[in-house]
Amino acid sequence: MSEVRNKIRFLGATETVTGSKYLVETPDYKLLVDCGLFQGYKSLRLRNWEEFPFDPAELDAIVLTHAHLDHSGLIPAIVRQGFRGKIYMTAGTLELCKILWADSAKIYAEDAERANRKRYTKHEPAKPLFELADVESALSLAQVVEFNQELTLAKEITVTFRHAGHILGAAQVVLSVNKKKIHFTGDLGRAKDPLMLGPAAFEGADILVTESTYGGSNHAASDPEQELEEILNKVLKRGGTVVIPAFAVGRTQSLMLHIWRLIKKGKLPKVTMYLNSPMATSVSSLYHQHKEEHRIDLEEFDEMYSAARIIRDVSESKALNESEEAKIIIAASGMMEGGRVLHHVARFGPDSRNAILFSGYQAGGTRGRKLLDGDKSVRIFHADVPIRAEIFFMDTMSAHMDSNELIEWLGACKTKPTMTYVTHGEPDSADRMRFRITDELGWTARAATYGEVIDIDNPK
């Protein structure tokens, strides 16, 4: 059997939506598409602490689809372990990574300090996954690439970024490797998203690697603003607090936009909307810098931020927990895996007057997913917190294509790939999308598995 010369190794986002990593290798060049954090189940999270299954020092480049931590969050860690190549990304992604990576380093340092101080670490001493110095080193390796500009990485290897419409800077990655075209969808936004412009069309490829976050389901057709109105009024009128765990980039801004519009129309009680997310506050200026990527009128954007009470430091955050007034609190992280939202859930979750509203995907094993699955308590800072607050879930605000939208987007391309690999979905979602691609589009497709290697020149 001849040796595979040009190959892709799947090192994340298989049977899960987290940990995106695709190692592309030729005899003369190695690049990694995404280097994301595993989240959710402990068996997945432990992978973040393992050595990479290749030598980071031998890697020539990283190509990054977007800034969300399940795609970018291990880049400072791989730099810590010896990577010194270039990191290619769009301008919007670079600006977001500056914020997200620094915030992550701060959280890791605080978590390690708390674990050592309270002696609940299994490792002596507890150490952060990476530090601010690693973030600075990673940022020094970044190189911005414009959308739709083909860049030569090496002989017979090029990369092109195309709009993905998911968050600011989000891109689809199109590689050409020895005349074979490989298309990585990254995370695909929706054509009619109220915040972001839709993704560029799929123009065909020899190999397609597609996401399948919602590969087994479709989003509700209801109006998210009307749904928010009903939920918020129900809780606020009984004097409750609505805690909304939200991703700092994209989801927070969508929520604020809808809530601000409801406030302007007089459709909500006169309560305060608190934004307790330093990252979400920091990214606001980026929407001005990259207005070509989104739909929001900048005047309205500024109005919605001015209408919110911005919580800027820890003392203000603590004071917020002492308030008994009816209110809305938007705080990161979106899946309740860290951030200030944990303190608010611990404070307001035990009271049945209150509510916790999820508006984004909750990966298996996360605190958010456990509450959606009906758990009546959640473990926060090594204590079991009873949850009596009402739990709501909205899928109408998703920044991912659903099953029908993805099939429609793929099907608009009249040239079918030689092979399609379905990734970035939990097992049921990935398999259902695999079936639909095969059955409805007539393409050859299968769900990728962790660690497998495929031959770029003869994909199967």
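A short reminder: the numbers here are calculations on the coordinates, not readings from a lab. Small disclaimer: the values here were computed from a predicted structure and weren't measured. Methodologically, a virtual Cβ is constructed for each residue, glycine included, from the backbone with ideal geometry; neighbour enumeration extends over all protein chains shown.
Annotation for THR415 and VAL4: the two label points, set 7 Å from Cα along the Cα-Cβ direction, are 2.4 nm apart. Evaluate E = 1/(1 + (r/R0)^6) for GLU136 and ASP111, where r is the Cβ-Cβ distance and R0 equals 22 Å; express this FRET efficiency to the nearest 0.05. Computed FRET efficiency for GLU136 and ASP111: 0.65. With a simple spin-label model that places each label point 7 Å from the Cα along the Cα-to-Cβ direction, the separation between ASP28 and PHE54 comes to 1.7 nm. Straight-line reach from LYS127: taking Cα to Cα under 17 Å and skipping same-chain neighbours fewer than 8 places apart, the aspartates and glutamates in range are GLU50, GLU51, ASP103, GLU110, ASP111, GLU113. Calculated on the alpha-carbon coordinates, the convex hull of the stretch 224-393 measures out at 109 cubic angstrom per residue.
Looking at the stretch 224-393 alone, DSSP beta bridges between its own residues are antiparallel in about 20 percent of cases.
One chain, two ends: ALA220 and LYS237. Fully extended at 0.36 nm per residue, the span grows by 3.6 nm beyond their Cα-Cα distance. When the pairs LYS267/LYS291; LYS7/LYS180; LYS265/LYS318 are compared against a 22 Å limit on Cα-Cα distance, LYS267/LYS291; LYS265/LYS318 fall above it.
Want the number for ARG295 to ALA191: 0.36 nm per residue separation, take away the alpha-carbon distance, what's left? If you can, show how the numbers build up before the last one.
On the way: separation 104, 0.36 × 104 = 37.44 nm, distance 1.15 nm.
Here the segment from ARG295 to ALA191 would lengthen by 36.3 nm.
Each Lys and Arg Cβ is given +1 and each Asp and Glu Cβ -1; about its Cα centre, the stretch 224-393 then shows a dipole of about 480 debye. Amide H to amide H distances under 5 Å link VAL209 with HIS183, PHE184, THR185, TYR421, where only residues 5 or more positions off or on other chains count and H is placed in the peptide plane.
Output the peptides 270-281, 182-193 sorted from most to least packed, where packing is the average of other Cβ atoms within 10 Å over each peptide's residues.
On the way: 270-281: 20.8, 182-193: 22.3.
Going by the mean number of other Cβ atoms within 10 Å, highest first, we get 182-193, 270-281.
Comparing Cα centroids, the stretch 137-162 and the stretch 236-250 end up 39 angstrom apart.
By the helix-only formula, in which each DSSP H run with n ≥ 4 contributes -39500 (n - 2.57) and the sum is divided by residues, the chain has a 222 nm mean residue ellipticity of -9000 deg cm²/dmol. Since only SER43, ASN218, LEU132 are under comparison, the one whose Cα sits farthest along the positive direction of the charge dipole of the chain, derived from C-beta charges on Lys, Arg, Asp and Glu, is SER43. For the chain, the share of DSSP beta bridges that are antiparallel, to the nearest 5, is 45%.
Within the stretch 1-79, list the GluC sites (Glu not before Pro) lying in a DSSP loop whose Cβ has at most 12 other Cβ atoms in a 10 Å radius. Each step should come with its number before you reach the end.
Numbers: sites: GLU3, GLU15, GLU25, GLU50, GLU51, GLU58; in loops: GLU3, GLU15, GLU50, GLU51.
Passing sites in the stretch 1-79 are GLU3, GLU50, GLU51.
Protection proxy ranking for 146-152, 250-256, using the average of other Cβ atoms within 10 Å per residue and placing the highest first: 250-256, 146-152.
Between LYS86 and ILE62, the built amide H atoms are under 5 Å apart, and every one of these is 5 or more places off in sequence or on another chain.
Computed from point charges on the beta carbon alone (+1 for Lys and Arg, -1 for Asp and Glu), the dipole magnitude for the stretch 118-259 about its Cα centre is near 460 Debye. For the stretch 224-393, the residue among GLY250, TYR305, LEU357 whose Cα projects farthest onto the positive side of the dipole built from Cβ charges is LEU357. Phi angles of the stretch 446-453 translate, via the Karplus equation with coefficients 6.51, -1.76, 1.60 and θ = phi - 60°, into HN-Hα couplings of 7, 7, 6, 10, 5, x, 6, 10 Hz per residue; Gly and Pro are given as x.
Mind ordering 343-351, 167-175, 449-457 by average Cβ neighbours within 10 Å, highest first?
On the way: 343-351: 20.0, 167-175: 25.4, 449-457: 14.4.
Ranked from most to least packed, the peptides come out as 167-175, 343-351, 449-457.
Note on the stretch 334-363 and the stretch 254-275: Cα centroid distance 19 Å, given to the nearest whole angstrom.
Residues of the stretch 1-22 falling in the label zone of LYS460, defined by backbone nitrogen less than 16 Å from a point 7 Å along Cα to beta-carbon, are 1-8. Dipole of the chain computed with +1 at Lys/Arg Cβ and -1 at Asp/Glu Cβ about the Cα centre; of ALA447, TYR120, GLY92, farthest Cα towards the positive end is TYR120.
Rounded to the nearest 20, the Cβ-based charge dipole of the chain about its Cα centre (Lys and Arg +1, Asp and Glu -1) stands at 960 debye. Separation of the stretch 378-445 and the stretch 6-33, taken as the distance between their Cα centroids, equals 20 angstrom.
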